[in-house]
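Coordinate-derived values only; no laboratory data. Computed from a predicted model, the values in this text were never measured in an experiment. Glycine gets a Cβ as well: all are built from the backbone with ideal geometry, and neighbour counts include every protein chain shown.
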């Protein structure tokens with residue numbers, strides 16, 4: 001892949017080279033309606049009270065679905081991915097084996113969510129996306145993990161100068177990218193990311209406090225470097241803003257790709273992608289979830305959560 005200036009993927013360094021990612025699908029299956037396409041972000045599964053959060057959201061989604069709102073759910077990796085990544089790094093496991101394990105981990109998360117939804121929930125295998133229709137969404141809430149390779153013709157990276165570099169697949173550990181490509185497969189314009197994020201996108205991670213010691217001091221330094229005297233929630237910003245370091249994506253777990261993976265942002269920037277908007281909401285806030293689902297079809301840019309636009 002084209003090198004990013006300074007090797008920075010964490011949002012605190014020189015501007016990155018501008019390139020986009022184009023996953024060419026062999027076919028698409030546009031639904032005849034815009035559904036509430038919701039991803040349980042990985043931070044949900046890392047929260048201390050994740051069981052309560054997930055149980056509350058599933059109860060809410062069942063009620064919304066019964067009220068006539070069609071839903072499709074996807075999941076992030078969270079703790080399962082952390083364990084898989086940690087074991088792979090400690091044991092020196094190959095990237096191929098790690099990513100295969102990561103794919104299984106996502107499938108496990110999706111299976112779990114579908115089971116918790118109950119009779120209305122339906123886990124859909126990566127190779128069975130064409131099974132989903134607008135009519136089926138009246139009765140079921142599909143829960144997905146990844147998009148199967150059978151749907152992908154090829155993928156290419158397109159640089160600013162028009163150069164093209166082919167890549168073979170969407171890595172199984174990149175759940176954000178899978179979610180956006182699946183949304184494009186279904187012709188969806190908007191996606192909702194539910195995260196433990198105190199109301200939306202912030203300049204630095206709002207979950208890191210003074211009790212976190214050196215990490216808190218490091219983020220305070222990044223906050224001041226970005227020109228802020230205190231942390232702020234941002235109502236709107238673009239994928240380009242994120243990639244060029246307008247916010248710091250370093251989190252309490254030391255990962256530098258919080259909010260959305262670089263790969264997903266590159267795909268989101270692709271003008272051929274049907275997805276025009278990502279709304280980031282606080283998954284612990286039932287009011288934000290309610291508004292996000294109820295207003296999803298209209299695409300209204302209402303002042304709750306944060307909205308991520310292409311450019």
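Say we join alpha carbon atoms closer than 10 Å with springs in a Gaussian network model of the chain; which of 293, 97, 280 then has the biggest fluctuation?
It is 97.
Mind listing P(r) for the stretch 63-160? All alpha-carbon pairs, 10 Å bins, whole percents.
Each 10 Å bin holds this share of Cα pairs: 15, 36, 30, 16, 4.
Given the C-alpha centroids of the stretch 33-110 and the stretch 235-306, what is the distance between them in whole angstrom?
Between the Cα centre of the stretch 33-110 and that of the stretch 235-306, the gap is 16 Å.
GNM, the chain, Cα, under 10 Å: largest mean-square fluctuation among 67, 134, 187?
With Cα springs under 10 Å in the chain, the top fluctuation among 67, 134, 187 is at 67.
Reported to two decimal places, what Rg/Rh ratio describes the chain when computed on Cα atoms with Rh from the Kirkwood expression?
Reported Rg/Rh, Kirkwood definition of Rh: 0.94.
Using mean Cβ contacts within 10 Å as the protection proxy, how do 171-183, 139-151 order, highest first?
Result, highest mean Cβ count within 10 Å first: 171-183, 139-151.
For the chain, with a Gaussian network of springs between Cα atoms less than 10 Å apart, report the residue from 31, 21, 243 with the top mean-square fluctuation.
Checking each option, the largest mean-square fluctuation is seen for 31.
Using the Cα gyration tensor of the stretch 147-284, with a ≥ b ≥ c the square roots of its eigenvalues, what is the shape: rounded (a/c below 1.5), prolate (a/b larger than b/c) or oblate (neither)?
Verdict is prolate for the stretch 147-284.
Below 8 Å, C-alpha to C-alpha, sequence gap of six or more: please give me the relative contact order for the chain in percent.
26
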